[in-house]
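Contents: one structure, followed by commentary.
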Amino acid sequence: MANNDLRIQYCELTGDYEIIYKGFSWVSDGRRPYIIIRKKAGNKYISTYRPLCSALKKRTEYKKNSIITHLSGFVAFGKKLDFELVLKAEITGGNTVLFSLKAENETGYDIQAVYFPAPFNSKKKGQKSYHIDSMRQGFLLPDGYQENFLSTFGFAHYLRKINTGDCYMPVWGRVCDRDSFTAIVETPYDACMFSSFGKHKAFVNSVHWMSSLGRLSYERKIRFIFHKNGDYNTTAKDYRKYLMETGQFVSIDDKISKNENIKKLIGCPVLHHKIYTKINEKSKFYDKNATNEFLYATFYERAEQLKKIKAAGLDQLYIHTDGWGKNGYDNDHPYILSPCEAAGGWPGLKEFSKTARELGYVFALHDQYRDFYYSSPVFDMEKAVTKIDGSHPYCSVWDGGEHTFLCASQAPAFVQKTYDELEKHGVDVQGAYLDVFSVVNGDECFHPDHKITRKQSIEYRAKCFDLLNDRGMIMSSEEPAMQLLNHIALVHHGPFTLRPQENGKAVGIPVPLANLVYHDCVLIPWNWFNNWGIPKGDNGDLYCAINAGMPYINPFGTGIRKIGSDSRGAELELLDESKLKEEIARVKPLMQLQAKLYNKEMVKHEFFGSLRCQKTTYSDGTVITVDLDKNTYEVKEGNHAQA
């Protein structure tokens, strides 16, 4: 099967493919394709792996532009199963191949997952070959790379759910010298990236397709785009072009056209602060020998602090408020009213929001509609996510202790209830941060009264954002994963992959792959608490500059306080006047840079001289360079430069 530049070869014996583009060969490598078959045993399900080549019946059709393989007769648990898998490789363009997978004659919940196709790697060993990964902002992994190897080794044994914090985008790529390909998962909602190691010490990748409500259900698709002269910028631009061609690209200007209040974030820094913390005895963070309950400030005290910040010379500010509910941070969700009494209750929260508005600041609340706490006044297990075996998820990590997950179909009603009550009490909420929605995968639910797929779960979360966006609130969530990017204007951060994630060492070579795709679609703050997501030893402000992002401002300093067993920001007293002015002076150039470039495409990212010297180019011609060793950055526009 071939066109003028592209040819596909298939080995019926092994199931391996070879794709030859303009004379360069990419071959199946790494982990072999498999199927996971399950069976109900009592009240639970058990499962077993089978290689795809173990099918008793195989049939392959060769057509003009496609190769179609039929696999059936899989045997598991002493039984030959009825379904048939249909695998297809199709040339769909001059440099494009589409792989697809579907199941026919599914009569039960037999198929738990399928891994197909096998990863692709270059047939020959290149002089300079690397993997392109979309985990968080993105990283490059040269073949044989040894730095922080335990992390990449771990990824070869971990299913990374697509369009989440595990990989913001349904994309990866490989480069061998200047030959490259981009892989785009076109059906991402029930998919995981699953990596392995192949020849030439290469880190290679493909897709683990999860069942949807117990079945493979629909056709799964992945597109490969091949190039003769590509790099990681090419991969990012392939995906950006794909989003535009498929109507999935929504710019920040598009979002502003629907909600003018988003304009208030242009040239604006972010303040993250807490009001009240109370750690439940069942929480992972509880420490019987430590302070587990703490009031950082009352609403009235915070209002006074805002006035001092304004007087010190900061005209714009987005205020992210944690721990404002009855029992503080990460407690009682999805309904946390009334506001913390010790902090001032309803009158105090109203005054705090009023003061922010009068100062020209944006007052926003941290909120949550996934974790479903047993302590919540609205807790009802009948509204919780129900798994295939009838059980429910369980977690007790966070401050509120024991909880399950709320079925996303139930979330919009709780969002409406909360914000109707806030409005009724005169609390002037200008922004809402719906925690975890953007960063964790959709939750499928088997409850007979609210049975939903993972895709439908994401759609219900989108409805929550849209309900409040329609009221003029600025919507934000945790990280810029693609699954909900078009429904939010702001995220908490869009960091690099580290181990550990806080003040840790970089995994691979960090690159802004995500920003190369959607810098002009969402606003990303940089340099949050304790170097979270910033490679250890580097200055987060430099990454804020080169990415033209929003700066975090620290008017309380950067001190750390132990609450339970967890280290958290102190966030008590303001810095003295002179230090506060210094802090404002630190962020002002970054605010101006963000205001200039917030809606401009990041056209290219480059290294020059060494990995420590980097450059980004924006669509208006602006070039930003950073030297991570010298701790400097420079902004150039035409013949003008700003340092």
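What FRET efficiency, computed as 1/(1 + (r/R0)^6) with R0 = 35 Å and r the Cβ-Cβ distance, is obtained for Lys22 and Asn539, rounded to the nearest 0.05?
0.25
On a C-alpha basis, how far is the centre of the stretch 259-283 from the centre of the stretch 44-64 in Å? Whole number, if you could?
Rounded to whole Å, the Cα centres lie 49 Å apart.
Lysine pairs in the stretch 1-109 with alpha-carbon atoms under 16 Å apart, 8 or more places apart or on different chains: how many are there?
Going through the stretch 1-109 pair by pair, I get 12.
What's the magnitude of the charge dipole for the stretch 125-185 around its Cα centre, counting Lys and Arg as +1 and Asp and Glu as -1 at the beta-carbon? Answer in Debye, nearest 20.
Once rounded to the nearest 20, the dipole reads 80 debye.
Roughly speaking, what is the centre-to-centre gap between the stretch 525-541 and the stretch 400-459 when only Cα atoms are used, to the nearest Å?
30
Quickly estimate the mean residue ellipticity at 222 nm for the chain, helices only: each DSSP H run with n ≥ 4 gives -39500 (n - 2.57), and the total goes over all residues, rounded to 500.
Result for the chain, helices only: -6000 deg cm²/dmol.
Of Leu265, Ser353, Gly390, which is farthest on the positive side of the dipole of the chain, counting Cα position, with +1 on Lys and Arg Cβ, -1 on Asp and Glu Cβ, and the Cα centre as origin?
Farthest along the dipole direction, towards plus: Gly390.
Treating only the Cβ atoms of Lys and Arg (+1) and Asp and Glu (-1) as charged, compute the dipole magnitude of the stretch 342-497 about its Cα centre; round to the nearest 20 debye.
240
To the nearest 10 square angstrom, how much accessible area does Leu271 have with a 1.4 angstrom probe?
Counting only protein heavy atoms, the figure is 10 Å².
In the chain, what percent of the accessible surface is made up of carbon and sulfur (1.4 Å probe, ligands and nucleic acids excluded)?
The value for the chain is 48 percent carbon and sulfur by accessible area.
Among DSSP bridges having both ends in the stretch 102-223, what percentage is antiparallel? Round to the nearest 5. Don't skip to the answer; put the middle values down first.
Working: 31 of 31 bridges.
Around 100 percent antiparallel, to the nearest 5.
How far apart, in nm, are two points set 7 Å out from the Cα along the Cα-to-Cβ line at Lys282 and at Ser251?
Using points 7 Å along Cα→Cβ, the separation is 4.9 nm.
Of Ile20, Leu71, Ile8, which is farthest along the charge dipole of the stretch 1-72 in the positive direction, counting Lys and Arg as +1 and Asp and Glu as -1 at C-beta?
Going by the Cα projections, it comes out as Leu71.
How high is the relative contact order of the chain? Use alpha-carbon pairs under 8 Å, at least six apart in sequence, and give a whole percent. Walk me through the numbers on the way to the answer.
Values: 1563 pairs, mean separation 77.0, N = 643.
Relative CO of the chain lands at 12 percent.
So which chymotrypsin sites (Phe, Trp or Tyr not before Pro) in the stretch 344-432 pass both tests, a DSSP loop state and at most 13 other Cβ atoms within 10 Å of the Cβ? Intermediate results must be reported in sequence, preceding the final value.
Details: sites: Phe352, Tyr361, Phe363, Tyr369, Phe372, Tyr373, Tyr374, Phe379, Tyr394, Trp398, Phe405, Phe414, Tyr419; in loops: Tyr361, Tyr369, Tyr374, Phe379, Tyr394, Trp398.
Qualifying residues, ordered by number: Tyr394.
Quick check on the chain: of the DSSP beta bridges with both residues there, what percent are antiparallel, nearest 5%?
Restricted to the chain, the bridges split so that about 85 percent are antiparallel.
Roughly how many debye, to the nearest 20, is the charge dipole of the chain about its Cα centre, given +1 on each Lys and Arg Cβ, -1 on each Asp and Glu Cβ, and no other charges?
2120
If you take the beta carbon distance between Lys424 and Ala585 as r and set R0 to 30 Å, what does 1/(1 + (r/R0)^6) give as a FRET efficiency, to the nearest 0.05? Don't skip to the end; give the middle numbers.
Values: r = 41 Å, r/R0 = 1.37.
According to the calculation, E is roughly 0.15.
Can you tell me how much longer the chain between Glu382 and Ile46 gets when fully stretched, taken as 0.36 nm per residue apart minus their C-alpha distance, in nm with one decimal? Walk me through the intermediate numbers first.
Working: separation 336, 0.36 × 336 = 120.96 nm, distance 2.51 nm.
This chain segment gains 118.4 nm when fully extended.
With a cut-off of 11 Å, note down the residues of the stretch 470-489 whose backbone N falls inside the zone around a label point 7 Å from the Cα of Cys395 toward its beta carbon.
No residues fall inside that zone.
With an 8 Å cut-off on Cα pairs and a minimum separation of 6 or more residues, tell me the relative contact order of the stretch 203-338 in percent.
23
Loop-only check: which chymotrypsin sites (Phe, Trp or Tyr not before Pro) in the stretch 231-313 are DSSP coil with at most 16 other Cβ within 10 angstrom?
Qualifying residues, ordered by number: none.
Which one of Ala290, Tyr242, Ala303 has its Cα pushed farthest toward the positive end of the charge dipole of the chain, where Lys and Arg give +1 and Asp and Glu give -1 at the Cβ?
Tyr242
Work out from phi, with θ = phi - 60° and the Karplus expression 6.51 cos²θ - 1.76 cosθ + 1.60, the ³J(HN,Hα) of each residue of the stretch 434-449, listed in order in whole Hz, and give x for Gly and Pro.
Once θ is set to phi - 60°, the couplings for the stretch 434-449 become 9, 4, 6, 3, 7, 10, 10, 5, x, 9, 6, 9, 9, 4, x, 8 Hz.
May I ask what percent, to the nearest 5, of DSSP beta bridges between residues of the stretch 410-542 are antiparallel?
Looking only at bridges with both residues in the stretch 410-542, the antiparallel portion is about 40 percent.
Relative contact order for the stretch 367-508: what percent, with Cα pairs under 8 Å and sequence separation of 6 or more?
Relative contact order comes out at 22 percent.
Please give the Cα centre distance for the stretch 304-375 versus the stretch 565-601, rounded to the nearest Å.
With the stretch 304-375 and the stretch 565-601 each reduced to a Cα centre, they are spaced 19 Å.
Show Glu479, Glu12, Glu351 ordered by accessible area, largest first, where the area counts protein heavy atoms only and the probe is 1.4 Å.
Of Glu479, Glu12, Glu351, the descending order of accessible area is Glu12, Glu351, Glu479.
Rank these residues by their accessible area, most exposed first, probe 1.4 Å: Ser610, Ser376.
Descending order: Ser610, Ser376.
So, for the stretch 476-579, what is the accessible surface per residue at a probe of 1.4 Å, expressed in square angstrom?
28
Between Glu573 and Glu260, what length in nm is gained on full extension when 0.36 nm per residue of separation is reduced by their alpha carbon distance?
109.3 nm
Subtract the Cα-Cα distance of Lys505 and Ser565 from 0.36 nm times their separation in residues, and report this length gain in nm to one decimal.
The Lys505-Ser565 span can extend by a further 19.3 nm.
Using only protein heavy atoms and a 1.4 Å probe, report how much of Met473 is accessible, in Å² to the nearest 10.
Its heavy atoms expose roughly 20 Å² to the probe.
Students sometimes get this wrong: rank Ser619, Ser66, Ser54 by accessible area, probe 1.4 Å, all chains present, largest first.
On the way: Ser619 70, Ser66 10, Ser54 45 Å².
Solvent-accessible surface, decreasing: Ser619, Ser54, Ser66.
In nm, to one decimal, how far is the modelled label at Gln416 from the one at Thr632, with both set 7 Å along Cα→Cβ?
Label-label distance for Gln416 and Thr632, simple model: 5.8 nm.
If you keep only loop residues by DSSP, which GluC sites (Glu not before Pro) in the stretch 235-325 have at most 12 other Cβ atoms within 10 Å of their Cβ?
Sites meeting the loop and neighbour criteria: Glu281.
The values are calculated or read from the model by the stated rules, or taken from the named source; none is laboratory data. Since this is a predicted model, take the numbers as computed values, not measurements. Don't worry about glycine lacking a Cβ; one is built from the backbone with ideal geometry, like all the others, and counts go over all protein chains shown. In case anyone asks, the SASA skips ligands and DNA or RNA and just uses the protein heavy atoms, side chains included. Shrake-Rupley method; radii C 1.70, N 1.55, O 1.52, S 1.80 Å.
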